[in-house]
Every structure is written in structure tokens, then in C-alpha cells.
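> One structure follows; several queries about it will come next.
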Amino acid sequence: MKHRKDKSQELAAAKAGISERSARRIEISATVSLPSQTPRRYWRARPDPFVDVWDAEVVPLLKSAPKLMAITLLRKLQDDHPDRYPDGMLRTLQRRVRQWRALEGPAKELFFPQVHAPGHRALSDFTAMGDLRITIANAPFAHILYHFVLAFSRWEHAEVVEGGESFEALSKGLQNALWQAGGVTQEHRTDSLSAAFKNLAEEEDFTVRYTALLDHYGMAGTRNNRGVSHENGSVESSHRYLKEALEQALLLRGHRGLRGVRA
């Protein structure tokens, strides 16, 4: 604006190192001190280029496959209507798709933040390890991990399990984790482990052995709803970070083979 006092808009823009279009916009909005104070426009400044195909072609595709991306829809329109929808219309289509999902798309699952208190909850889960492709004597090492996490501090314990998700693996892993932690929590939470729950029964859900294990340590047992793994999210998310750390260690090591003979 200092250069603009005695120079043309084009020259003032060049001296300020901005485009003439930006200079024109700044000059028009000179009375507004901050960009955030510019009134938001809620009306359409130009005709909708997708008005002829939106309801007839785009919406049916979105209803049949709500996860379709705007770029995929644009490529489809370009194939069906050559020379009518250039790549420059992608941003407009993205806005239309975003609005449709917000107003008419499938409902999204709601997640509420969880607040954990110290010493209140511990979580146990098993996780498969096949993706790491670990071997012993050049043979695939079939195993899973028992994983224990304290919800508040994120303290973790993990150990290898060569069998399945048995009660023995659960009780041994839980016992070792509690000994390592030096105490017990008020609550122990798992998903629908068959080692702990009678998943075919609606009442008296705990198995006898799991009930005795909880009573021995003085913990209350809870579970997430069947088939809703994210309710066990404190340990589910830790699986990924643990596996990533193991993957990085194996990459740094240069091979995935373990030496020694299993007992």
C-alpha cells in the first residue's frame, strides 16, 4: 500500500513481490484489518458445473459406495462426458461430495474420549505376529504375543505365546505382568476372549477359572461389547506401536532369524 500511493497497481505489486491479482484483492479489502475478519461468503458465485449430473449420476454412485473419492468420480464423469469436466473442477466436486456426506451420507460412529485414573484399569489382549515373518532355524516361528497395558501410565508388558489364546496363556501373562508392575489395578478389561468368557451365554459370562483368577488378585473383570474391538482401544493401539518397534529392530538387525533350540 505504501508503493500504491504514487505508483500503479501493477508496479506496486511488482515492488512488493506479489501478483497483481493479490494486490487487487488487498486493495479492495483494505478496510479489513485481518483475513479472518473478512465476512464468509455462503452463496455460489458461479453456476454449479455438476448440476446436470449430480442427482442422476453422482449421488447414485455415492449411495452404492459411500467411500468413493471425488477424484474417482471425476474420472468417471470425464469418461462418460468427454471434454466437459476438466481436472480443474476437482476442488468443486470435492466440496460437493463433502457436503453430501455431511448432510445425506451414512451416519458416522461416535467416539467419546476416555479419562483414565491411576491404578483403575489394566487391559489384556493377544495379537498375531505372523506379519513380522520371524523364523527359527529357517522355519517360520508360529506364535502370538500376550500384551498387557496400564490405561493411565501406558506401562506395558508382553510375552511370547506359542499356543493359542488359552486360559493358561492369559493367566500366566497376567500374573507376570502384575508381578512386574508391583501391584494390581481395580479393574481388568479384555475383549471377548474365549479363555475368559462364555461367549455363547448371555448371563454368568465369566468362566469359573477366570472368576477365580480375578478373585485371587482382587480385581473386577470387564469386557468390551462383542465385535467392537475399539472399546479395548488402549491396548489395541499399543499393538501397532509395539509391532512397529519390533519391525524396526528387525530391519536394523538385518535378518529375522532366531538362533537356539526351543525347549
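Values in this text are rule-based calculations from the coordinates and carry no lab data. Since the model is a prediction, treat every value here as computed from it, not as a measurement. Cβ: placed from backbone, ideal geometry, glycine included. Neighbour counts: every protein chain shown.
> For labels at ARG240 and LEU258 in the simple 7 Å Cα→Cβ model, what's the distance in nm?
Modelled inter-label distance: 2.6 nm.
> Quick check: pseudo-label points 7 Å beyond the Cα along Cα→Cβ at LEU11 and HIS120, how many nm apart are they?
Reported label-point gap for LEU11 and HIS120 is 7.0 nm.
> Separate question: Using 0.36 nm per residue, how much length does the chain from GLN248 to THR72 gain when fully extended, once their Cα-Cα distance is taken away?
59.9 nm
> On to the next question. Amide H neighbours of GLY257 under 5 Å, counting only residues 5+ apart in sequence or on other chains, H built in-plane at 1.01 Å?
Result for GLY257 returns THR135.
> On to the next question. Tell me the chymotrypsin sites (Phe, Trp or Tyr not before Pro) within segment 70-132 that lie in a loop according to DSSP and have at most 10 other beta-carbon atoms within 10 Å.
PHE111
> Please list, or write none, the lysines whose alpha carbon is within less than 27 Å of the alpha carbon of LYS2, excluding same-chain residues fewer than 8 places away.
LYS15
> Moving to a separate point now. As an exercise, identify the trypsin sites (Lys or Arg not before Pro) in segment 105-160 lying in DSSP coil whose Cβ has no more than 10 other Cβ atoms within 10 Å.
Filter output for segment 105-160: LYS108.
> Okay, moving on. Multiply the residue gap between SER166 and ASP131 by 0.36 nm, knock off their C-alpha separation, and tell me the result in nm, one decimal place.
10.5 nm
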